[in-house]
Amino acid sequence: MDLTYTPEQQAFRAEVRAWLEAHVPAQPLEHFDANRAGFEAHRQWEATLKSGDWGMVTWPREYGGRGVDLIQWLIFEEEYYRAGAPGRVNQNGIFLLGPTLMEFGTPEQKQRFLPPMAAGEEIWAQAWSEPQAGSDLAGIRATAQRDGDDYVLNGHKIWSSRGAFADWAFGLFREPGSERHKGTSLIFFRLDQPGVTRNPIRKINGHPGFAEIVLEDVRVPAFNRLGEEGQGWHICMATAGFERGLMLRSPARYQVAAARLADLWQARKAGADPVLEADVVRAFMNAEAYALSIYQTASRLIAGARIGPEASTNKIFWSELDIHLHRTALAILGAEAELLPDPARIAAGDPDWLDDYIFSLAGPVYAGSNEIQRNIIAERMLGLPR
Amino acid sequence: MDFTLSDEQIMFAETARTLLGDTCNSEHWRKLMEQDSAFDPARWAALVENGFTLLMLPESAGGLGLAELDMALIAQEAGYVALPEPLAESAGVAMPMLAALAPEHPLLADPAAIVAPAPAINPVVAAADQARAILIERDGHAWLAPREAVTLVAAPTIDPLRRVFRIEWNPATAEDLGPADWGLAYDRAALFAAAQGLGMAQRSVDLAVAYAKDRTQFGKPIGSYQAVKHHLASAQVAIEFARPVVLAAAAGIGAQDVYSRARVSHAKIVALEAADLAARSAIQVHGGMGYSWEVDVHLFLKRTLALTHAWGTPAHHRGRVAERLFTRTAGPDQTFAREARHA
């Protein structure tokens, strides 16, 4: 065990920091879920990132990355959040589908989909859940009927993050007549093609953050299927492993929030309930623990291990720490907690504790509810019966 | 940057796990309790024979010259079996201090010798009755008093496998070893308490998992019900996010600065919280059996209570984390801040 950075890692940090200082927009962009303008501003930022080869640093150069390891990815993320850089509008692509494509895609698929993903030219939504298939994802009904070299897609997807504005979606479809985990395939489709209707769904903060997607005889080439026909469930679970395990929520996100919470406490403790200091310290410890755990996981993966069911512990931990952290912030704000912040202050870079709190409440629900994660831990880590 | 254990570290911990699993299981706990004892000479001899008491002593003193991280891995195994003998406090805290202050001291030549640390922060001294000497903190100095020269007043404790004592001693019959690094001793003790907490937490979960697979209600094993599963999954989450903190604290303890102290304190808080949550969850999962003397879970509940407050209460340790948070820069590039600064 050696918890020091190598000179190369330090040089990498310095390089990331210098580039971000020169390029991060001075004013925060409008949120990518707020409206089309905000979404396109984030797409533009992805292109700027690509211009510096920072689109997805862990990918090979041929796909638009830098081929660095997971420790350097963590360093990149630390600097990214430290710099207050814009949110990653293409996170469904670069953090979820990308690693899965890297593992299961053909060379032609990688060449087709990864470079525009890294450049933000094609922004991805996910289309897993259906009205009747949430936690019980194997209950999906949307179908992919093989027709020569094409599939014809039909069905109804919902809770599709970025679904309102994205270009592409990846979703789970089943062979007509198949049951449960069998006969499913992971298939990509364009969201602007004939037969696709998308209806934005307003989130509790008012933003159209996700959408329902109705597919009626949507024709896609078989090239758009990832992995073997019928292997969709297996591939889907691998994607979920990446999502819960490592990439969806960088520790840096919470470390920045915890540091800002400490600043908020220092500024307002004179008028606040003194017991809240313990919660501020707790939020810091939680963020630290998550970071240390992810460094440990990254080291294990570099040494050849694979992400297993322990990924589910990550998802529970970050989602719960996020809520605790933001509840603490609102408690410090006290009677002012309900007030919408001054837009000028937010534009100047102040934290939006209220909106971030609202967002944190989604954490235990999306990417597999925390109840499902606890089942996974109990059954696959602890060996309890189903 | 490499957050993995070496093969040697993993093997050494496995040796300890096997030895302790064979010599410190339910049967042994029950036998000791029947004998109203908290010390098994045969087990201590086996620990000595396998080198565990020499682990942190410098090679010049006949030791293995290993570090806190190595000892923490052994302490974790000690926690897993609620080890009654004072391996962590003697071999991990008192003996290394003695070796630093008096490298030629004859006690260091006997690997079976137990020295009990008596820091100012603890009201009682653990396993003082088994010690050859007590290492006492006074005004920043360390005093070594032969046990015969110290009056031990047993303080009954709820933990049936732990013995603690209030001590009365006289400097006239003790040896002043001079100014001592009690800060390092406190950190080591807190770290090893945290490591034991990890082991205790995992044992509580494991005991409850075994019971939940076996116990049937409504025609099914109770472990198939989500209400039961979620108790144990939550305890496991607490363990998973305490373990890397304990390991990082162990790896960084030598710096003895505000960062390393905060990390040790963080480790102690969360590892013993995990042990507490796991023990209470295990009692709940065991139902009425969990409340019985017959089931072993209460041993882990009680040891957790002791170690949670020994070597600094949670409030004490939270204060040290607060000092780091409020007097130094925090943020995502500061996780290994000390190392970054010195590099």
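Look at the stretch A:269-281: the mean tally of other chain Cβ atoms within 10 Å of its residues' Cβ atoms is 2.
Compute the signed sum of charges (Lys and Arg +1, Asp and Glu -1) over the other residues within less than 10 Å, Cβ to Cβ, of B:ALA195. Walk me through the numbers on the way to the answer.
Values: positive: B:ARG243, B:LYS268; negative: B:GLU68, B:GLU77.
Residues close to B:ALA195 contribute a combined charge of 0.
Each residue of the stretch A:97-106 in order: what ³J(HN,Hα) in whole Hz does its phi give by Karplus 6.51 cos²θ - 1.76 cosθ + 1.60, θ = phi - 60°, with x for Gly and Pro? With coefficients 6.51, -1.76 and 1.60, one gets 5, x, x, 5, 4, 4, 8, 10, x, 7 Hz. The orientation-averaged projected area of the convex hull spanned by the Cα atoms of chain A comes to 20.0 nm². If the segment from B:GLU148 to B:ALA172 were pulled out straight at 0.36 nm per residue, it would be longer than the present Cα-Cα gap by 7.3 nm.
Cα centroid separation, the stretch A:331-386 to the stretch B:177-216: 31 Å.
Applying the Kirkwood pairwise sum to the alpha-carbon positions of the stretch A:124-230 produces a hydrodynamic radius of 13.6 angstrom. The convex hull around the C-alpha trace of the stretch B:194-272, projected and averaged over every direction, spans 5.2 square nanometres.
Check each of the trypsin sites (Lys or Arg not before Pro) in the stretch A:52-161 and keep only those in coil by DSSP with at most 16 other C-beta atoms within 10 angstrom; list them in order.
In loop regions of the stretch A:52-161 (DSSP not H, G, I, E or B), the sparsely surrounded trypsin sites (Lys or Arg not before Pro) are A:ARG141.
So what is the relative contact order for chain A, in percent, with contacts set as C-alpha pairs under 8 Å and at least six apart?
14
Across all directions, the average flat footprint of the convex hull enclosing the Cα atoms of chain B is 18.4 nm². When DSSP assigns beta bridges and you keep just the ones with both residues in the stretch B:1-153, what percent turn out antiparallel, to the nearest 5? Restricted to the stretch B:1-153, the bridges split so that about 60 percent are antiparallel.
Pop out the Kirkwood hydrodynamic radius of the stretch A:7-89 from its pairwise C-alpha distances, inverse of mean 1/r, in Å to one decimal.
Every distinct Cα pair counted, the radius reaches 13.2 Å.
Taking 0.36 nm per residue of separation and subtracting the Cα-Cα distance, full extension of the segment from A:ASP342 to A:GLU21 would add 113.0 nm.
Here the stretch B:206-329 is described by how far its Cα atoms reach on the three principal axes: 57, 26, 22 Å, from widest to narrowest. The Cβ shell under 12 Å around A:TRP265 holds other residues with a net charge of 0, Lys and Arg each +1, Asp and Glu each -1.
Neighbours of B:HIS141, meaning other residues whose beta-carbon lies under 15 angstrom from its beta-carbon, give a summed charge of -4 when Lys and Arg score +1 and Asp and Glu score -1. Look at the stretch B:321-328: the mean tally of other chain Cβ atoms within 10 Å of its residues' Cβ atoms is 5. What the Kirkwood sum gives for the stretch A:249-381 is a hydrodynamic radius of 16.1 Å, with every pair of different alpha carbons counted.
Convex hull volume of the Cα atoms of the protein assembly as shown, normalised per residue: 167 Å³. Past 31 Å, Cα to Cα: identify those pairs from A:LYS110/A:LYS203; B:LYS229/B:LYS302; A:LYS315/B:LYS213; A:LYS315/B:LYS220, in the order given. Violating the 31 Å Cα-Cα cut-off are A:LYS110/A:LYS203.
All of the numbers you see were taken from the coordinates with simple rules; none came from a lab. This structure is a prediction, so every number in the text was calculated from the model and none was measured. Please note: Cβ atoms are built from the backbone with ideal geometry, for glycine as well, and neighbour counts cover all protein chains shown.
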